[in-house]
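What follows is a set of notes on a single structure, which appears directly below.
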Amino acid sequence: MVRSLELANMTRVQEFILLGLSTTVGIHGALFAIFLSLYLLTLLENTLIIYLIFSHSELRKPMYFFLGNLSCLEMCYMSVTMPSLLVGLWTGFCHVPFTVCMTQLFFFISLICTECTLLGSMAYDRYVAICCPLHYPLLMRPQVCLGLALSSWLGGLLVSVAKTTCIASLSYCGPNVLNHFFCDVSPLLNLSCTHVALTELVDFISAIVILWGSLLVAMASYAAIGRAVLHMPSATARRKAFSTCASHLVVVGIFYSATIFIYARPSRIEAMDLNKVLSVIYTVVTPMCNPIIYCLRNKEVQGAFRRTLHRS
């Protein structure tokens with residue numbers, strides 16, 4: 001018995017090797033430059049938004065409070081996965097110790113769950129603003145906004161603790177090669193040499209609660225907004241509202257489609273190349289687009305930006 005435990009400990013994987021986004025050597029340099037530029041652009045966009053929200057009193061409203069949280073989350077979110085992606089493109093492979101891999105997984109799960117619930121809260125805020133404008137100051141008072149934001153962050157943290165604990169407790173006897181550019185749930189489950197039914201069940205339940213729950217809130221909110229917009233007497237107001245809602249729905253739809261396809265199934269995912277492409281969408285594309293869609297197209301934010309440049 002003791003000898004078998006010793007052999008198990010000896011064969012336990014101590015590090016993982018990430019194959020990265022692409023195994024085609026000739027395009028690594030170009031991909032590295034592209035993704036580094038996207039990363040720096042996303043950091044710049046979100047830093048600018050946070051600065052504008054905190055430095056201009058006219059932006060201290062519930063909508064911008066949530067947008068400030070989203071910008072902070074996007075910077076953290078992208079900073080969790082982007083370093084291993086860039087290292088893989090620069091060196092060919094990325095060697096990640098077991099504890100570092102589990103740490104990356106913990107922060108990634110926490111942040112993606114937080115983003116799901118935060119997008120749902122933002123959709124509810126827009127629903128109250130458009131469909132219940134007279135009750136907006138009461139329904140979205142500072143205490144409620146703070147409670148929704150804290151619930152999003154703490155909910156993501158609790159879900160991540162449960163999922164990461166289950167995945168870290170599995171046995172990994174080899175091989176230790178992950179066909180991905182960061183430590184994700186499905187590639188790790190594929191490498192486990194023990195029974196993963198309980199872990200998959202926890203993963204599935206959390207996906208139902210977080211992903212589907214927040215998606216239903218967002219879709220119900222935008223459906224109610226759409227009905228309210230149709231009854232607006234002014235054609236100009238309808239076009240403006242539809243333009244805003246359509247851009248929001250595109251971002252929400254792309255993000256949720258990719259995440260639900262990957263995480264809302266209680267099974268291991270074998271199509272890792274497809275998994276990597278979809279992962280790029282919600283780890284790189286949506287964090288870059290969200291600031292433009294939600295903030296930088298907004299006239300109040302544009303006005304605050306122009307006043308900041310004028311003062312400079």
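The values are calculated or read from the model by the stated rules, or taken from the named source; none is laboratory data. Just so it is clear, the structure is predicted and the values come from calculations on it, not from any experiment. Here Cβ is always computed from backbone atoms with ideal geometry, including for glycine, and neighbour counts include all displayed protein chains.
For the criterion of being under 19 Å from the mean Cα position of the chain (by Cα), in a helix (DSSP H, G or I) and within 21 Å of residue 293 (Cβ to Cβ), residue 51 fails.
For (1) closer than 22 Å to residue 229 by Cα; (2) in contact with a Phe, Trp or Tyr (Cβ under 8 Å, 6 or more places away or on another chain), each residue gets a yes or a no:
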{"residue": "65", "(1), (2)": "no, no"}
{"residue": "91", "(1), (2)": "no, no"}
{"residue": "98", "(1), (2)": "no, yes"}
{"residue": "106", "(1), (2)": "no, no"}
{"residue": "114", "(1), (2)": "no, yes"}
{"residue": "133", "(1), (2)": "yes, no"}
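Within segment 52-104, the residues that satisfy the criterion of being among the polar types (S, T, N, Q) and either in contact with an Asp or Glu (Cβ under 7 Å, 6 or more places away or on another chain) or over 26 Å from residue 160 (Cα atoms) (or both) are 55, 57, 91.
Hey, does segment 217-227 have a residue that's within 29 Å of residue 291 (Cβ to Cβ) and either at pLDDT below 80 or touching a Leu at 6+ places or on another chain (Cβ under 7 Å) (or both)? Outline the logic, then answer.
First, the residues of segment 217-227 that are within 29 Å of residue 291 (Cβ to Cβ): 217-227.
Those still in the list that are either at pLDDT below 80 or touching a Leu at 6+ places or on another chain (Cβ under 7 Å) (or both) too: 218, 222.
Yes, segment 217-227 contains at least one residue that is within 29 Å of residue 291 (Cβ to Cβ) and either at pLDDT below 80 or touching a Leu at 6+ places or on another chain (Cβ under 7 Å) (or both).
Somewhere in segment 115-135, is a residue of a type in the set (A, V, I, L, M) and over 30 Å from residue 216 (Cβ atoms)? No; the residues of segment 115-135 include none that is of a type in the set (A, V, I, L, M) and over 30 Å from residue 216 (Cβ atoms).
Beta carbons closer than 8 Å, at least 6 apart along the sequence or on distinct chains, pair a first residue in segment 253-265 that is within 14 Å of residue 186 (Cα to Cα) and among the aromatic types (Phe, Trp, Tyr) with a second that is at pLDDT 75 or above and part of a helix (DSSP H, G or I) for 261/278; 263/185; 263/203; 263/207; 263/211.
Exactly one residue out of 73, 5, 40 is surrounded by fewer than 15 Cβ atoms within 10 Å (Cβ to Cβ), at pLDDT 90 or above and part of a helix (DSSP H, G or I), and it is 40.
Out of curiosity, is residue 217 surrounded by 21 or more Cβ atoms within 10 Å (Cβ to Cβ), of a type outside the set (Phe, Trp, Tyr) and within 30 Å of residue 125 (Cβ to Cβ)? No: the conditions fail for residue 217.
Out of everything in segment 24-36 that is exposed (fewer than 11 other Cβ atoms within 10 Å of the Cβ) and not aliphatic (A, V, I, L, M), what residue ends up being farthest from residue 88 (Cα to Cα)? The extreme case among them is 26. Just so you know, in segment 263-312 the residues that are of a type in the set (A, V, I, L, M, F, W, C) and modelled with pLDDT under 75 include one that is farthest from the chain's Cα centre (by Cα), and it is 271.
Across segment 62-112, the qualifying residues are those that are aromatic (Phe, Trp, Tyr) and within 21 Å of residue 206 (Cβ to Cβ), and the one among them that is nearest to the chain's Cα centre (by Cα) is 77.
The residues on offer are 48, 41, 31, 19, and the sole one that is in contact (Cβ under 8 Å) with a residue 24 or more places away in the chain and touching a helix residue (DSSP H, G or I) at 6+ places or on another chain (Cβ under 6 Å) is 31.
Within segment 192-201, can you find the residues that are assigned to a helix (DSSP H, G or I) and either surrounded by fewer than 18 Cβ atoms within 10 Å (Cβ to Cβ) or touching a strand residue (DSSP E or B) at 6+ places or on another chain (Cβ under 6 Å) (or both)?
Initial filter on segment 192-201 (assigned to a helix (DSSP H, G or I)): 197-201.
Passing the criteria: 197, 198, 201.
The criterion of at least 1 residues that are crowded, with 18+ Cβ neighbours inside 10 Å and free of Cβ contacts under 8 Å to residues at least 24 places away in the same chain is met, among helices (runs of 4 or more DSSP H) falling completely within segment 78-183, by 98-131. Checking segment 245-260 against the condition returns no match, with no residue being out of contact with any Phe, Trp or Tyr (no Cβ under 9 Å at 6 or more places or on another chain), of a type in the set (S, T, N, Q), at pLDDT below 75 and surrounded by 14 or more Cβ atoms within 10 Å (Cβ to Cβ).
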